[in-house]
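What follows is a set of notes on a single structure, which appears directly below.
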């Protein structure tokens, strides 16, 4: 597995294989459960600090496997989404939630404007700026780019089991999602669904909009049920399954004139 080729912006994020030549640019906004010391653990219990509320278990590992297989750059947050969710705009309540599903976050209660701004400036802005820099550099190098954001979700949410195993999510641009969903029969053992268990109405497509749509890039958000990526072996196997959907989708877009056409 690859190591990060750089750390950036006060350890708010990592960039892996920055100069990868694949048409794919991978993002992982919820890659880490790390809470920097200055936030004093947000007042969370240890179990909650390590739960899915704090990060997306397995998402970074799957993304790393995909980065290596595709020769694709990966930008990943190294700060828990309970400190700041890099897939949310600063004005969103869910960017710094006081409660996530059943987990109460004491350290996010009654944040002042100054406290919120500090998190925006030290976590969110560096992440977005780095993604923008990578996209710009790729454009200057003449590389086509399509955006793939990697996530995982809990199999039980507010006590209700979720049957979906793989979610292929999109906002207004469904080109890449359509092409991947067309390949879903190649995974007959998986339940693959469009815009499940979340969709645009849930506010989960922020990164797709500001980094993908705003730059005219084909884009997709992949959600994997996290019980399917609970071991290193499962993470590697799931990466291969995602590549089974993604590689032919990429070829199909290229045949139509390119992923950022």
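What follows is calculated from the coordinates using simple rules that are stated; it is not laboratory data. For clarity, every value in this text was computed on a predicted model and none was experimentally measured. For neighbour counting, all protein chains shown are included, and Cβ atoms are generated from backbone atoms with ideal geometry for every residue, glycine included.
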Report summary line: Placing each pseudo-label 7 Å from Cα in the direction of the beta carbon, residue 50 and residue 230 end up separated by a distance in nanometres of 1.4 nm
Query raised in the report: When DSSP assigns beta bridges and you keep just the ones with both residues in the chain, what percent turn out antiparallel, to the nearest 5?
Result: 45 percent
Requested in this report: Take every Cα pair under 8 Å in segment 143-203 that's 6+ residues apart, average their separations, divide by the length, and report that relative contact order as a whole percent.
Outcome: 37 percent
Report task. Would you mind computing, in nm to one decimal, how far apart the modelled labels at residue 19 and residue 68 are, each placed 7 Å from Cα along Cα→Cβ? Result -> 2.1 nm
Requested in this report: Could you grab the relative contact order for segment 6-255? Cα pairs under 8 Å, six or more apart, rounded to a whole percent.
Outcome: 23 percent
Query raised in the report: Roughly speaking, what is the stretch gain from residue 91 to residue 38, that is 0.36 nm per residue apart minus the C-alpha to C-alpha distance, in nm to one decimal?
Result: 16.9 nm
Query raised in the report: What's the center-to-center distance, using Cα atoms, between segment 10-50 and segment 61-78 in Å?
Result: 13 Å
Report summary line: Ordering 215-227, 83-95 by per-residue average of other C-beta atoms within 10 angstrom, highest first, gives 215-227, 83-95
Requested in this report: Report the extension gain between residue 137 and residue 11 in nm, rounded to one decimal, defined as 0.36 nm multiplied by the number of residues separating them, less their alpha carbon distance.
Outcome: 43.2 nm
